[in-house]
Amino acid sequence: LARISVPALKVNIDDAHNYPEVFRYLGKVLNQEERANALAELSAKYLKEIDQFVKTLPKDKRVKLYYAEEADGLSTDCDKSFHTEAFILGGANLVHKCTQSTILGLQHVSFEQVAAYNPDVIIAQEASFYKTVFTDAKWKTLKAVQNKQVYLVPNTPFNWVDNSPSFMRILSAHWVASKLYPEQYCHSIHDKVKEFYNIFFKTNLSDEDLKRYFYL
């Protein structure tokens, strides 16, 4: 970037908890402080709420989650990865334990390995996998599939969790918690989504929009 004389700055958003500070910093740089402060305040509020909720969950009773990526569901990401941060923020016990070795992530696994994990919940990145998982003979042997505990990550206007990880992780953490702990989650995910989209995208969502675009 220095060689092509383009002004550049770097911010650290690997950790979603950095977003409030990053938004305020960018607001100053871009002379958009009022807008940036609104984003920062909502981000800080959502992060504080989800942190407080997750602290109430005993670590030995957290829901076992497998993150199914790509069309066959046999790629995933490590529990120690920014690609899966939304799940950890939401209180999941991510079953694939490892440390991310490349920036792209995507750890390939066998179905036998997934079966050994036998997760309580599966969250799918790809719609093509989600459409077939309930009828696939192999996947139907898993507890999560039998119990209809498979969910598709919303992707409007872009993926909430990953590919690439963004500020949507802040909202996604609440969505994850609402799916994993529907009885314990102490907020309305419908209200959370509506508020988030109103502030971040300046759009008012209807209940029908929530069903159509976010499967809520």
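Could you do me a favour and compute the accessible area per residue for segment 138-182, 1.4 Å probe, result in Å²?
Working: 1610 Å² over 45 residues.
Result: 36 Å² of accessible area for each residue.
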key: Volume of the Cα convex hull of the chain, divided per residue and given in Å³   = 139
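Carbon and sulfur: what percent of segment 127-216's accessible surface (1.4 Å probe)?
Exposed carbon and sulfur together represent 48 percent of the surface.
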query = Convex hull volume of the Cα atoms in segment 44-116, per residue, in Å³?
reply = 100
task = Could you pull the Rg and Dmax for segment 65-159, using just the Cα atoms, both in Å?
result = 12.4, 35
task = Would you mind getting me the FRET efficiency between SER101 and LEU30? Use the beta-carbon distance for r and R0 = 45 Å, nearest 0.05.
result = 0.85
request  = With only Lys, Arg, Asp and Glu charged, each at its Cβ (+1 for the first two, -1 for the last two), find how big the charge dipole of the chain is about the Cα centre; round to the nearest 20 debye.
outcome  = 160
inquiry  = Limiting things to C-alpha atoms, what are the Rg and the maximum Cα-Cα separation (Dmax) for segment 91-216, in angstroms?
reply    = 15.6, 45
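Counting only helical runs of four or more DSSP H residues, what would the 222 nm mean residue ellipticity of the chain come to if each run contributes -39,500 (n - 2.57) and the total is spread over all its residues? List each step's numbers first, then the result.
Details: 9 runs with 91 residues, N = 216.
Theoretical 222 nm ellipticity from helices: -12500 deg cm²/dmol.
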query = Which of the DSSP-defined H helices in the chain satisfy a minimum axial length of 24 Å, computed from C-alpha atoms, and a minimum mean Kyte-Doolittle hydropathy of -1.0?
reply = 33-55
request  = Just flag the trypsin sites (Lys or Arg not before Pro) in segment 95-171 sitting in loop per DSSP whose Cβ has no more than 14 other Cβ atoms within 10 Å.
outcome  = LYS97, LYS138, LYS148
request  = Extending each Cα 7 Å along its Cβ direction at ALA115 and GLN146, get the distance between those two points in nm, one decimal.
outcome  = 1.3
note = Bridge orientation stat for the chain from DSSP, antiparallel percent rounded to 5, came to 25
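The values are calculated or read from the model by the stated rules, or taken from the named source; none is laboratory data. Not measured: the values here are computed from a predicted model. No Cβ is skipped: glycine too gets one built from the backbone with ideal geometry, and neighbour counts run over all protein chains shown. Ligands, DNA and RNA are excluded from the accessible area calculation, which covers all protein heavy atoms including side chains. Shrake-Rupley method; radii C 1.70, N 1.55, O 1.52, S 1.80 Å.
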